[in-house]
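J.: Can you keep this structure in mind? I'll have questions shortly.
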Amino acid sequence: MLNYLKGLTPHQIAQAVSRDRRDFLRAVTGAGAATALFSLAPLKALASPRGRKVVVVTFGGGARDEETFMPEGQENIPHLLSELIPKATFFTQVINRGILGHYVATASLATGVYETFNNFAAVPPDNPTVFEYFRKDLKRPASDAWVVAPSNGFNRIGESGNRSYGEGLGAGVILPKRLLTAALSSGGRVEYQHLLRDNYETPLYTPELAGNEIDLEQLAEILKLSVSDFTAHARSLASPDELSVYVARQLMRQLAPSLLWITLHDIDIAHSGAYSLYIEGIQRSDRLCAEIWDAIQIAPEYAGRTTMFILPDFGRDSDSDSGGNGFQHHRTGDPLSRTTWMMVLGPGVRENVVVDRAVESTDLVPTLGALMGFSPRLSQGKPLMEVA
Amino acid sequence: MLPSELSAEQFRAYPPEARQLATDHVALFRELPVSFLPILLHEVIAYDWKFPAERKDLDNQLAYLTALPAGELQRAMAGFAKVRLSPELEHFDWVNAPEAFSDRLSAYLWATHQIDAFHAAAVDYLRRYTEVSPPQPPPMVRLGIVVLGQGVAQNSYPLFRKLRPQGVYFKQVKPDNGFNILLEAVLARAAAHPIPYAHWYIDGGAEQAVSCPALSRVSYDALASVRASLLSKMEKAIQSGIGGPEALRTMLTRVRPEELGLSSAPGEAVLNRFQVSVLTEGSGTQIFSTSFVQWTAREALRRAQPATLLARFAPRQRQRPMNELISGKPSNITLDPQGSLLDADMGAYLTWVNQQRLAGAEQSSFLVWFEDHSEALAIAPSLPRGTESSSAIDLGGLLAQIT
């Protein structure tokens, strides 16, 4: 069911979204118009620019409705509410039926299959990733698909272990925190805080197995960025996610990849139990999403031809489930921890549209396939017709 | 091994009271599915160090299961019996390592998409059990008190937003001698009903010295050397390549109080085991005092089910920024009172939520006070909900209204 909310203010949209998801349809006026709109031609027929690019931003360490779109949480996401939602098609119910661990869940987002490997193991996804489908089907070079991710295990996310795809067909992976650690190897580090910040749920344990991950020298070569410039800039940043976005912008400037996947992770500080830091993480992610969108608009290679997807990998536990501890974790598998949202922006994407039907996080890859023209054969999801 | 193959001899490594308990119930254990029994044994093996409320609950569960006729026991276990396990899990030494089994079972249930079915089976089991053996309210009306905001001079953050719909928001509280008034009230309750582990005082900083054997006290500062010892242990384990986060967790669950400099002497072992569990099972409790207080209060309520709980938050250390990380030089630890206020505000709400999960919730009272300031919120059956009061009142007067 599609609901067309054009004419409503961002605040009104947010209010509508923040109501109980099941009551959402009743809260929206103009359902008849929505039905009529739904019968229009598929969106891809409206706009299919050559050289289309896609930027996917995921939040590793999801944010709950009550700290985002519920009335008391809206103060934390001013950029999403005021700048991005008015330009977006917004999916209010994105269900993740898989394992609620960040690496395995992000890998599931990237393969369109609920992966079942050990979240803490440095293993590639079993099923082909979106990067492999994209590169193989469209015969794109390695420089055209990149992942910028936190360093806790994500080094294998660029390509799968699938025999028909896999080695040599995936995305390059940049782990900015790992690079920073390497750059500082002779300088020592603040011990425990660093470990905590590196992986909040399980201190340390960054897997050592190699993937398609670039090293410091490659970073300098690819991004035209010296190690000293990299560390000097990092010094001015407040968080690992800011470092990731900095690296992503460098990639956009130097290589302009057609498929860029950025996984933010600051929000996952919630595992430390410090609510204020979790809120800061949400506020920072909100700001960084707007900065990425703004960067897209001013980059000649991206402006006017880029579709951006923003979605948390999953939610967090509700306060009411006794098996959890509120916002701190995502262990219960309750509806709140499995349900999140997604917004899609870009040329041809209808603005101010809210989609309230339940979709699955595995629908992302088929949607990207429909949008970019590749075939995600092994994906379990379905293209989201509202944007694909 | 299958449960039907169990014998009393297999519990010889259990602590004394746990061994006796297990031996007394071998016949029952033989009838339980392997997806359920290790979880029960996980509770049994810790029997010697459980709080009285936990012991009573475990005794009641065993009595409930033992009394069920064969057909009803089968029905009560039906959801668990349907869970498919891997051969590795079935052959695991779940008798002696039920905790490790539980961790592996959890991972397996997630990976095989059986976690929801397992959760439903657990909910169904608990419903059946509590229908027969409902939890009993405390001997006196339960009172929870949270004190927060220490070190904050001025604040613009709207406090108690989540709790306001539940009670009265007092805007003109006289803060004079406030904490002492609250502590005295807790001590009076402990003296009136000196039941072991029924009255708790948790402090995120240095605890105020009191002499009251019936008051269980836990504080962040008192555990400073224990925390340091634990962090050192974790760091060594990580550097030695222990084998991953799950192996680290398993290692932590096996840490005994004496390994961290705490006594295991009778009389101290139960509380010290509890304190170690807060630090080894709670995420962030080793680093942030606000997480420590919230998690300790949660676990005290869940496990000891106290009649009185006083939890006082203190400023936690500030999160280290990236430039400190880069400098490689540990700087002096600075505190973050304002951030801690937000942490504690959520912590107060979660404490109330956890209190409301216990028997007698409809009669219980709750008070949260912004330390040394004029804001407080009180919840009690005698008070209206979602209202404000501008009347001048001291904390003694507030307590009188809710107890």
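J.: My understanding is that a pair violates if its Cα-Cα distance is over 26 Å; which of B:K50/B:K162; A:K177/B:K236; A:K177/A:K382 do that in this structure? The partial results should precede the final answer.
T.: Numbers: B:K50/B:K162 33 Å; A:K177/B:K236 22 Å; A:K177/A:K382 34 Å.
Over 26 Å Cα-Cα: B:K50/B:K162; A:K177/A:K382.
J.: With a point put 7 Å past each Cα toward its Cβ, work out how far B:N180 is from B:A120 in nm, to one decimal.
T.: Here the answer is 5.9 nm between the modelled labels.
J.: How do A:I292, B:I195, A:I157 rank when sorted from fewest to most other Cβ atoms within 10 Å of their own Cβ? Before the final figure, lay out each step's value.
T.: On the way: A:I292 22, B:I195 15, A:I157 28.
Starting with the residue having the fewest Cβ neighbours, the order is B:I195, A:I292, A:I157.
J.: Which cross-chain or sequence-distant (5 or more) residues have an amide H under 5 Å from the amide H of A:E360, H modelled 1.01 Å from N in plane?
T.: Answer set, sorted by chain and number: A:I95.
J.: From the phi angles alone, apply the Karplus equation (6.51, -1.76, 1.60; θ = phi - 60°) to the stretch B:68-77 and give each ³J(HN,Hα) in whole Hz, x where the residue is Gly or Pro.
T.: Each residue's phi maps through the Karplus curve to give 5, x, 3, x, 6, 4, 4, 5, 5, 9 Hz.
J.: Also: Given a Förster distance of 60 angstrom, what is the FRET efficiency for B:T403 paired with B:T112, based on the Cβ-Cβ distance and rounded to 0.05? Kindly include the intermediate steps, with their values, before the conclusion.
T.: Numbers: r = 50 Å, r/R0 = 0.83.
Working from the Cβ atoms, E equals 0.75.
J.: Want the number for B:E9 to B:E88: 0.36 nm per residue separation, take away the alpha-carbon distance, what's left?
T.: 26.1 nm
J.: Then there is this: Less than 14 Å from a label point 7 Å out along the Cα-to-Cβ axis of B:R249: which backbone N atoms in the stretch A:102-136 qualify, by residue?
T.: Backbone N within reach: A:102-104, A:118-121.
J.: Using the Kirkwood radius over C-alpha pairs as Rh, can you work out the diffusion coefficient of chain B via Stokes-Einstein at 10 °C, viscosity 1.306 mPa s, in µm² per second? If you can, show how the numbers build up before the last one.
T.: Details: Rh = 23.2 Å.
Answer from the Stokes-Einstein relation: 68 µm²/s.
J.: To the nearest 10 degrees, how steep is helix B:269-281 against the longest Cα principal axis of chain B, on a 0 to 90 scale?
T.: With rounding to tens, the tilt is 90 degrees.
J.: Further question on the same structure: Near the amide H of B:K174, under 5 Å away, which other amide H atoms are found, from residues 5 or more places off or on another chain, if H is placed in the peptide plane?
T.: Result for B:K174 returns B:I393, B:D394, B:L395.
J.: With both bridge residues required to lie in the protein assembly as shown, what share of the DSSP beta bridges run antiparallel, to the nearest 5%? Could the numbers behind the result be given before it?
T.: Values: 20 of 73 bridges.
Close to 25 percent.
J.: Could I have the simple spin-label model distance between B:Q208 and A:M385, label points 7 Å from Cα toward Cβ, reported in nm to one decimal?
T.: Distance between label points: 6.7 nm.
J.: I want to check the label-to-label distance for B:A153 and A:S236. Put each point 7 Å from Cα in the C-beta direction and report it in nm to one decimal.
T.: 3.2
J.: Report P(r) for the stretch B:3-132: all Cα-Cα distances, bin width 5 Å, range 0 to the bin holding the largest distance, values in whole percent.
T.: 2, 10, 20, 24, 22, 16, 6, 0
J.: Let me ask something else about it. For chain B, take the longest principal axis of its alpha carbons; what is the angle in degrees between that and the long axis of helix B:289-299, to the nearest 10 within 0 to 90?
T.: Value to nearest ten degrees: 50.
J.: What is the set of long-range amide H partners of B:A311 at a cut-off below 5 Å, with H atoms built 1.01 Å from backbone N?
T.: Those lying under 5 Å, H to H, from B:A311 are B:I145, B:V146, B:V147, B:I202.
J.: Here's something else I'd like to know. Report ³J(HN,Hα) in whole Hz for each residue of the stretch B:92-105, in order, from the Karplus equation J = 6.51 cos²θ - 1.76 cosθ + 1.60 where θ = phi - 60°; Gly and Pro get x.
T.: Whole-Hz 3J(HN,Hα) from phi for the stretch B:92-105: 5, 7, 6, 5, 9, 9, x, 5, 5, 4, 4, 4, 5, 4.
J.: Moving on. Once R0 is set to 25 Å, what does the formula 1/(1 + (r/R0)^6) return for the Cβ-Cβ distance between B:Q136 and B:E17, expressed as a FRET efficiency to the nearest 0.05? Mind dumping the intermediate values first?
T.: On the way: r = 22 Å, r/R0 = 0.88.
Computed FRET efficiency for B:Q136 and B:E17 comes out at 0.70.
J.: Here's a follow-up. Can you figure out the FRET efficiency of A:D126 with A:E291, using R₀ = 35 Å and their beta-carbon distance, to the nearest 0.05? Each step should come with its number before you reach the end.
T.: Numbers: r = 34 Å, r/R0 = 0.98.
Between A:D126 and A:E291 the formula returns 0.55.
J.: Let me ask you something else. Given only helices, namely DSSP H runs of n ≥ 4 each adding -39500 (n - 2.57), what is the per-residue ellipticity at 222 nm of the protein assembly as shown, to the nearest 500 deg cm²/dmol?
T.: Working: 31 runs with 311 residues, N = 791.
Counting only the DSSP helices, I get -11500 deg cm²/dmol.
J.: Let a ≥ b ≥ c be the square roots of the eigenvalues of the Cα gyration tensor of the stretch A:78-145; is it rounded (a/c under 1.5), or, if not, prolate (a/b larger than b/c) or oblate?
T.: Working: a/c = 2.40, a/b = 1.28, b/c = 1.88.
It is oblate, given that a/c is not under 1.5 and a/b is not larger than b/c.
J.: Another question, if that's okay. Once you have a ≥ b ≥ c as the square roots of the Cα gyration tensor eigenvalues for the stretch B:258-403, tell me rounded if a/c is under 1.5, and otherwise prolate or oblate according to whether a/b is larger than b/c. Please report the intermediate quantities before stating the final value.
T.: Working: a/c = 2.58, a/b = 1.33, b/c = 1.94.
Oblate.
J.: For chain B, with a Gaussian network of springs between Cα atoms less than 10 Å apart, report the residue from B:E54, B:E375, B:E259 with the top mean-square fluctuation.
T.: B:E259
J.: Right, next: From the backbone phi of the stretch B:34-40, what are the Karplus-calculated ³J(HN,Hα) couplings (6.51 cos²θ - 1.76 cosθ + 1.60, θ = phi - 60°) in whole Hz, Gly and Pro given as x?
T.: Listing the rounded values in order: 6, 7, 10, 4, x, 5, 5 Hz.
Every number in this text was worked out from the coordinates using simple rules, so none of it is lab data. As the structure is a computational prediction, the values presented were derived from the model and not from experiment. When we count neighbours, we look across all protein chains shown, and the Cβ atoms used for this are built from the backbone with ideal geometry, even at glycine.
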